[in-house]
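Below: the structure, in structure tokens.
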Amino acid sequence: MKPFAYTRTTERGAAIQTVGSNQAARFIAGGTNLLDLMKDNVEQPDRLVDISRLELVGIEERNGGVRLGALARNSDTANHPLVRQRYPLVSQAILAGASAQLRNMATNGGNLMQRTRCYYFYDTAMPCNKREPGTGCGALEGYNRIHAIFGANEQCIATHPSDMCVALVALDAIVQVEGPQGQRSIPISEFHRLPGDTPQVDTNLRRDELITAIDLPAASAVFAPRSYYLKLRDRTSYAFALVSVAAALDIQGGKIRQARVAMGGVAHKPWRAVEAEKILTGAPATAATFQKAAEVTMREARAYEHNRFKIEMGRRAIVQALTTVVDGGVA
Ligand code: SF4
């Protein structure tokens, strides 16, 4: 691991200023991903600015919704009564992720900033456009079982690893950030990026901007009684999703008034299944509707040599998640 300097601050402005004035400085909070990346020489910051003591840990009501502090721990967020009651999809998704020990360290902001678990990204002997732009993509012709089936290109076929972010996308969360130019809000669906020509850039957060909070909107609480996070993986704990589905329905008299479907493990960012939502909205909440929504969604998928199974898995996962929602899949 490359030697680095360490600074701890309790001042938000000082943290932003320190990182902003040094291209090789990085924020650190829980460190559950960044330290692994540093040990493998994938990330090589020369200064870490520890923000874990900033006053950003609250979870509270805000504008009829709930504001999650960026530095609240994943475990505290998943178990908070406001989250469990109004946004159980978020609780379910967090609890499906990582181990209890990791959830106790990991923060909400850090969860958003997780980097891909593509094997070639972590192996500095292999080409990787995300780690070292212009070197190529080791996964494209390599072992690509865990890789993307939506939105990828020859630059990068990696997937985003977070479970929580899939639920946040389904619920239209808003990310609050602060930087040298002040504060701004980023819809979660615009926070993460597809690879395009810059696969090394995972998010639309500027390097010197700090995530301060995540807002769960009041309107999304309507899905609390009928939501479910389905995660399919190689083993039942401490594994990343091969395919996951965050599903939420608002049903009245057997008809779907509103629908939300987002997928994890399938794209460079949490993937909102917009076409599925169009099929579901206004339709009867039946197996035939769910099947059609799944078919339409997976029609756009493009598989690589080792991940073809994800197309059928995705189709079945959407149907299963929606069926569980109707059967009362709330935590
Ligand atoms: Fe790197 Fe992306 Fe290719 Fe993985 S898929 S090797 S992260 S460029």
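Between THR135 and TYR6, the modelled label-to-label distance comes to 2.7 nm, taking each label 7 Å out from Cα in the direction of the beta carbon. For the residues GLN176, GLN23, GLN114, a GNM of the chain with alpha-carbon springs under 10 Å puts the largest fluctuation on GLN23.
Compactness ratio for the range 253-312: Cα radius of gyration over 2.2 N^0.38 Å (N = residue count) comes to 1.22.
What order, most packed first, do the peptides 251-257, 2-8, 284-290 have when packing is the mean number of other Cβ atoms within 10 Å of each residue?
Values: 251-257: 13.3, 2-8: 11.4, 284-290: 16.3.
Descending mean neighbour count gives 284-290, 251-257, 2-8.
Where both bridge residues fall in the range 13-82, DSSP classifies roughly 50% of the beta bridges as antiparallel. Distances between placed amide hydrogens fall under 5 Å for VAL243 paired with LEU232, all partners being 5 or more residues away or on another chain.
With all protein chains in place and ligands, DNA and RNA left out, the 1.4 Å accessible area ranks SER189, SER91 as SER189, SER91, largest first. Rounded to the nearest Hz, the phi-derived 3J(HN,Hα) couplings of the range 106-113 under the Karplus curve 6.51 cos²θ - 1.76 cosθ + 1.60 (θ = phi - 60°) are 5, 9, 5, x, x, 4, 5, 9, where x marks glycine and proline. Across the accessible surface of the range 1-52, with the other protein chains kept in place and a 1.4 Å probe, carbon and sulfur atoms take up 44 percent. Go through PRO270, ALA152, GLN252 and say which Cα lies farthest out towards the positive end of the charge dipole of the chain; charges sit on Cβ, +1 for Lys and Arg, -1 for Asp and Glu. Selected residue: GLN252.
The charge dipole of the range 231-281, taken about its Cα centre with unit charges on the Cβ atoms of Lys, Arg (+1), Asp and Glu (-1) only, comes to about 60 debye.
The modelled label-to-label distance for the pair ASN104/ASN22, using points 7 Å beyond Cα in the direction of Cβ, is 3.1 nm.
Taking amide H positions as modeled 1.01 Å from N, with prolines and chain starts lacking one, the residues under 5 Å from ALA213 and 5 or more places away or on another chain are ALA70, GLN176.
Solvent-accessible surface of the chain, taken per residue with a 1.4 Å probe and all protein chains present: 43 Å². Put simply, the C-alpha atoms of the chain give a gyration tensor, and the ellipsoid matching it has half-axes of 32, 25, 16 Å, longest first. Under the rule a/c < 1.5 gives rounded, and otherwise a/b versus b/c splits prolate from oblate, where does the range 1-54 land using the Cα gyration tensor? Oblate, since a/c reaches 1.5 and b/c is not below a/b. The 3J(HN,Hα) values that the Karplus relation (6.51, -1.76, 1.60; θ = phi - 60°) gives for the range 207-216 are, in residue order, 4, 9, 9, 10, 6, 9, 6, 10, 9, 9 Hz. Gly and Pro appear as x.
Could you state the angle between the C-alpha long axis of helix 287-298 and the longest principal axis of the C-alpha atoms of the chain, as a value from 0 to 90 degrees rounded to the nearest 10? Roughly 40 degrees, rounded to the nearest 10. Surface composition of the range 222-326: carbon plus sulfur atoms hold 51% of the accessible area, using a 1.4 angstrom probe and ignoring ligands, DNA and RNA.
For the range 222-326, the share of alpha carbon pairs falling in successive 10 Å distance bins from zero is 16, 51, 26, 6, 0 percent.
Residues ARG206, ARG73, ARG260, ordered by accessible area of protein heavy atoms at a 1.4 angstrom probe radius and largest first, appear as ARG206, ARG73, ARG260.
For the range 186-202, backbone phi angles converted through the Karplus equation (6.51, -1.76, 1.60; θ = phi - 60°) give residue-by-residue couplings of 10, x, 4, 5, 9, 6, 8, 10, 7, x, x, 8, 10, x, 6, 9, 7 Hz, Gly and Pro being listed as x. Using the rule -39500 (n - 2.57) for each DSSP H run of four or more residues, divided by the residues of the chain, the 222 nm mean residue ellipticity is -7500 deg cm²/dmol.
The H on the amide N of ASP50, modeled in the peptide plane, is under 5 Å from the matching H of THR7, ARG8, THR9, ILE28, each at least 5 residues off or on a different chain.
Other residues whose C-beta falls under 13 angstrom from the C-beta of ALA5 contribute a net charge of +2, scoring Lys and Arg +1 and Asp and Glu -1. Helix 309-326 and the longest principal axis of the Cα set of the chain meet at an angle near 70°. Summing Cβ point charges (Lys, Arg +1; Asp, Glu -1) relative to the Cα centre of the chain gives a dipole of roughly 540 debye. Dividing the convex hull volume of the alpha carbon atoms of the range 37-157 by its residue count gives 155 Å³ per residue.
In units of 2.2 N^0.38 Å, what is the alpha-carbon radius of gyration of the range 110-259?
1.18
The modelled label-to-label distance for the pair ARG53/HIS306, using points 7 Å beyond Cα in the direction of Cβ, is 4.5 nm. For the range 1-106, the C-alpha radius of gyration sits at 1.22 times the compact-globule guess of 2.2 N^0.38 Å, with N the residue count. For ALA224, put the label point 7 Å out on the Cα→Cβ axis and report which residues of the range 79-108 keep their amide N under 19 Å from it. It comes to 79-95, nothing else.
The values are calculated or read from the model by the stated rules, or taken from the named source; none is laboratory data. Keep in mind that this is a model prediction, so the values were computed, not measured. Here Cβ is always computed from backbone atoms with ideal geometry, including for glycine, and neighbour counts include all displayed protein chains. Side chains are part of the model used for accessible areas, which takes the heavy atoms of the whole protein and leaves out ligands, DNA and RNA. Shrake-Rupley method; radii C 1.70, N 1.55, O 1.52, S 1.80 Å.
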